[in-house]
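Note sheet for the following structure.
No lab work stands behind these numbers, since they all come straight from the coordinates. All figures in this text were calculated on a predicted structure; none of them were measured in a lab. Every residue, glycine as well, gets a Cβ built from its backbone with ideal geometry; the counts of neighbours run over all protein chains shown.
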Amino acid sequence: MIKILHTADLHLTEKAKKRWEALEELVFLAQREQVSALVIAGDLFDRVDVAEIMRAKLRTVFGKCSFHTLILPGNHDYQAYRSGLYYGDNVKVIRDWRTPVQIEDTVFWGLPYDHSNPGNLAVRLREMAGLMDHGKDNILIYHGELLDAFFSRNDLGNEGGKRYMPVRLSFFDALPVLYILAGHFHSRYAAWQLSNGSLFVYPGSPVAVTRRETGRRKANLVFPGEAPREIVLESFHFEELIITLNPFTAHDPLEELARKLVDLHTNAEALLTVEGLFDGSKLDRSEARLAAEIRKMVDGVCAAEPVFNFVDVSHVLEDDLFKKFKTALEETVYPLEGKRKLEEMVIQAFRGGKECS
Ligand SMILES: [Mn+2]
């Protein structure tokens, strides 16, 4: 079997520079790792017309490569690969499930997105199994939704409510394949071992397409005779930052935020949430001032308006009745952690009790 770099869901558009940079990073990685094939398991393009605009540019990039590039049509770009369209001499598009592509000793089969009527894919896969040579190293490339994965719609890109090419892991049981290299699942790298020993891998999108794609993005490096390896990319992504305020400590949440911003990857945009209760008099800030200071700090770093789920509870802490409770509580022999929980519950009760959890 040959060495392969596997990715999917680049969703190239003419405007999204970061996605083009991610493609360049993948090409660089494939060269560095000296793979024989770069597999793009669907949705290389976000829309069909992007293929028209970018095809010549892509041909130049792939043409310089010493490896082969194998492309499977996905639900976003299945119309971009009509016969006669030229992506380069070392680029192969798998447009028909009956016609595999052989690179060195490895046979690549593909299940291209079928708009007309994919019908029952279990039946289609049994037909494919009948065409495969059990004595060869077969690999299947697939783009669609694995129903066994605990998906939510949030794990995909922007797909509306539709299901694309849905399969179950058991559909692949009869296939004499070493790997199923998949695409369509954006959120993260995920792999499943099948009962026949083959591995189903979603690499996750190599660059964030939606704000739900948080954390460093990955690609899948497949070695002959070894477990596949996740390769962490430097590509653009979103990073969730959560600052939880606490009315009992004097520590400055802005310092915590500053530290987190320093640690932020240079190719990441933050999605910030500041939550919890705080003591405005101890912090010497009103809710409005705290919000304004945070906004100023994250200006140009955040992908969206920060979410401010915080509440100043200094008016509760200054209430005479609350102070009495607080004195009594401090005199009680009880673990500190428990006291803090109790105190927070009472603060919530003073605020009206509705948010008490
Ligand atoms: Mn897709």
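Considering all C-alpha pairs of the stretch 238-318, those separated by over 16 Å amount to 48%.
A Förster radius of 56 Å combined with the Cβ-Cβ distance from Thr60 to Ala250 puts the calculated FRET efficiency at roughly 0.45. Remark: the stretch 193-330 carries a charge dipole of roughly 380 debye about the Cα centre, counting +1 on each Lys and Arg Cβ and -1 on each Asp and Glu Cβ. Here the extension length gained between Asp49 and Asn158 equals 37.5 nm, from 0.36 nm per residue of separation less the Cα-Cα distance. For the stretch 4-232, the share of DSSP beta bridges that are antiparallel, to the nearest 5, is 35%. Net length available on complete extension from Asp299 to Arg82 is 73.6 nm, with 0.36 nm assigned per residue and the Cα-Cα distance removed.
Across the stretch 132-147, rounded Karplus estimates of 3J(HN,Hα) from the backbone phi angles (6.51 cos²θ - 1.76 cosθ + 1.60, θ = phi - 60°) give 7, 8, 4, x, 9, 7, 9, 10, 10, 10, 9, 10, x, 9, 8, 6 Hz, Gly and Pro being marked x. Rounded to the nearest 0.05, what FRET efficiency do Asp148 and Thr99 have when you use their Cβ-Cβ distance and R0 = 22 Å? After rounding to 0.05, the efficiency reads 0.20. Only Cα pairs under 8 Å and 6+ residues apart enter the sum, and on that basis the relative contact order of the chain stands at 13 percent.
Run through the DSSP bridge list for the stretch 19-126 and note the antiparallel percent, rounded to the nearest 5. Bridges in the stretch 19-126 that DSSP calls antiparallel: roughly 30 percent. Once backbone amide H atoms are built at 1.01 Å from N, Asn75 has Asp43 as its partners under 5 Å, excluding neighbours fewer than 5 places away on the same chain.
When the C-alpha to C-alpha distance is required to be over 25 Å, the pairs from Lys282/Lys326; Lys282/Lys341; Lys3/Lys162; Lys15/Lys218 that qualify are Lys3/Lys162.
For the chain, the alpha carbon positions stretch 81, 41, 37 Å along the principal axes, listed from largest to smallest. Working note: Cα atoms of the stretch 1-122, range along each principal axis, descending, whole Å: 40, 38, 24. With each label modelled as a point 7 angstrom along the Cα→C-beta vector, the Thr210-Glu330 pair spans 5.0 nm. Dipole size of the stretch 4-232 about its Cα centre, with +1 on Lys/Arg Cβ and -1 on Asp/Glu Cβ: approximately 560 debye, rounded to the nearest 20.
When the chain is treated as a GNM, springs tying every alpha-carbon pair under 10 Å, which of Leu156, Leu290, Leu181 comes out with the largest mean-square fluctuation? Largest GNM mean-square fluctuation: Leu290.
Each Lys and Arg contributes +1 and each Asp and Glu -1, all at the Cβ; summed about the Cα centre of the stretch 238-318, the dipole is approximately 120 debye.
Here the gap between Ala122 and Thr273, fully extended at 0.36 nm per residue and compared with their Cα-Cα distance, gives a gain of 50.0 nm.
Annotation: amide H-H contacts under 5 Å for Ala270 (H modelled 1.01 Å from N, sequence separation of 5 or more, or interchain): Glu239, Cys302, Ala303.
Sorting 84-96, 270-282, 226-238 by average packing, meaning the other beta carbons within 10 Å per residue, from highest down gives 270-282, 226-238, 84-96.
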